[in-house]
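Below is one structure; the comments refer to it alone.
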Amino acid sequence: MIFISAIPLKDVAAFIGASYEGDAMFPVTGLNEIHMVSYGDLTFVDHPKYYTKALTSKASVIIINQKVECPEGKMLLFHDDPFAAYTSLVRRFRPFTASASAISTTSDIGEGTVIQPGAFIGNQVVIGKNCIIHANVSINDYTIIGDNVVIHANSVIGADAYYFQRKPEGYRKLESCGRVVIGDNVEIGALCSIDRGVSGDTLIGKGTKFDNHVQVGHDTRIGSNCLIGAHTAIAGVTCIEDDVIIWAKVAINKDIVIGKGAVILATSAIDKSLPGGITYFGSPAIEARKKWKELIMLRRLPELYDKFLQ
């Protein structure tokens, strides 16, 4: 999330009740997760396992729960509970704002776009020209949609990320402040759900088409001209490059990359990154021809048993 205007480090520290090390007037320009940060961003770390990753990242400001040496060019905010401090900043700078109408007066809807009855358009939503938003679609705050997009009935665009921290007393939610950004000429089937980024954007590239019942997790990037089959579940922070075809009931794990032009056959499960230009099948998925050979051999096991072991 990028702030409307930069905030001095000392003001951020005062708001969360933290001490700090570094330039008091350094302009903090936004909040971001560790894997998405850039210069000017603030992030947080609350486990020694990830200290090095945070301190050597592109983030300029790190909320941390232990006194450590401040790396050159960084600013540190010292707080006993970085997770809670970060979440309080999200709530401060992008709070939930209830809508007073089905179509928010702060939304921007392009010429020729049709909004069917029962649809909800949230605050600060931008929808391009000549789109069709079918009945009972929910498009939540800060979503951006290009031209010539079709979203079928009962889909939800911009639900919160599924992101929780486990504590002895239960789970704490990391509040979402990201967006969903959908390119031109995209079609989203009925009953799909595309979660917004925790702090950045969930991206759907131009020309991509979804069947019904597709789930896309937070901060996922789907390229241009992809086909996504029904009942596919894509976990967060996944990158699906251009021209990928994913058939029905495919499960895709988080933090992986599926290369350009890959084809994933129905009912497969993906647990690691896959190079492009190859057809995959199975759970876990491998190159389809290899998987089919495996299946042929498995079918022959009873015959081989009878022949050699009896």
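Can you say whether PRO117 is out of contact with any Lys or Arg (no Cβ under 7 Å at 6 or more places or on another chain), modelled with pLDDT under 95 and farther than 23 Å from THR43 by Cβ, as far as the supplied structure shows?
Against the criterion (out of contact with any Lys or Arg (no Cβ under 7 Å at 6 or more places or on another chain), modelled with pLDDT under 95 and farther than 23 Å from THR43 by Cβ), PRO117 does not qualify.
Go through the stretch 251-295 residue by residue and tally those that are in a helix (DSSP H, G or I), crowded, with 17+ Cβ neighbours inside 10 Å and either touching a Cys at 6+ places or on another chain (Cβ under 9 Å) or among the charged types (D, E, K, R) (or both).
Count: 1.
Taking the stretch 160-189 only, how many residues are part of a strand (DSSP E or B) and surrounded by fewer than 17 Cβ atoms within 10 Å (Cβ to Cβ)? Talk me through it step by step, then tell me what you get.
Taking the stretch 160-189 and keeping what is part of a strand (DSSP E or B), we get 164-167, 170-173, 179-182, 187-188.
Cutting the leftovers down to surrounded by fewer than 17 Cβ atoms within 10 Å (Cβ to Cβ) gives us 164-167, 170-173, 187.
Qualifying residue count, the stretch 160-189: 9.
Residue pairs, Cβ under 6 Å, 6 or more apart or interchain, first in the stretch 103-123 and closer than 10 Å to ASN140 by Cα and of a type in the set (Asp, Glu), second modelled with pLDDT of 95 or more and exposed (fewer than 14 other Cβ atoms within 10 Å of the Cβ). List them.
Qualifying pairs under 6 Å: none.
Criterion first (surrounded by fewer than 13 Cβ atoms within 10 Å (Cβ to Cβ), of a type in the set (Ser, Thr, Tyr) and either at positive phi or not in a helix (DSSP H, G or I) (or both)) does THR105 satisfy it?
Yes: the conditions hold for THR105.
Using beta carbons and a limit of 8 Å, which pairs, at least six apart or on different chains, have the first residue in the stretch 257-275 and free of Cβ contacts under 8 Å to residues at least 60 places away in the same chain and within 13 Å of HIS231 (Cα to Cα) and the second one assigned to a loop (DSSP other than H, G, I, E, B) and among the basic types (Lys, Arg)?
Partner pairs satisfying both residue conditions: ALA266/LYS249; THR267/LYS249.
Given the conditions (1) assigned to a helix (DSSP H, G or I); (2) closer than 19 Å to SER19 by Cα, and given that GLN66 satisfies all but one, which numbered condition is not satisfied?
(1)
Against the definition (surrounded by fewer than 18 Cβ atoms within 10 Å (Cβ to Cβ) and assigned by TED's automatic domain parsing to the domain that holds THR220), how does VAL125 come out, yes or no?
When the stated conditions are applied, VAL125 does not pass them.
Would you check if LYS254 is without any contact (Cβ under 8 Å) to a residue 24 or more places away in the chain and not hydrophobic (A, V, I, L, M, F, W, C)? Break it down stepwise before answering.
Working: without any contact (Cβ under 8 Å) to a residue 24 or more places away in the chain: no; not hydrophobic (A, V, I, L, M, F, W, C): yes.
No: the conditions fail for LYS254.
If I ask for residues that are farther than 16 Å from TYR20 by Cβ, without any contact (Cβ under 8 Å) to a residue 24 or more places away in the chain and either assigned to a loop (DSSP other than H, G, I, E, B) or touching a Gly at 6+ places or on another chain (Cβ under 8 Å) (or both), which ones from the stretch 39-63 would you list?
Hits for the stretch 39-63 are TYR39, HIS47, THR56, SER57, LYS58.
From the list SER19, SER99, SER38, pick out the single residue that is at pLDDT 95 or above and either aromatic (Phe, Trp, Tyr) or not assigned by TED's automatic domain parsing to the domain that holds VAL125 (or both).
Exactly one residue qualifies, and that residue is SER19.
Could you count how many residues in the stretch 17-72 are touching a Ser or Thr at 6+ places or on another chain (Cβ under 7 Å) and among the basic types (Lys, Arg)?
The number of residues fulfilling the criteria is 1.
The values are calculated or read from the model by the stated rules, or taken from the named source; none is laboratory data. As the structure is a prediction and not an experimental result, all values here were calculated from the model. Because the Cβ atoms are built from the backbone with ideal geometry, glycine has one as well, and the counts that use them run over all protein chains shown.
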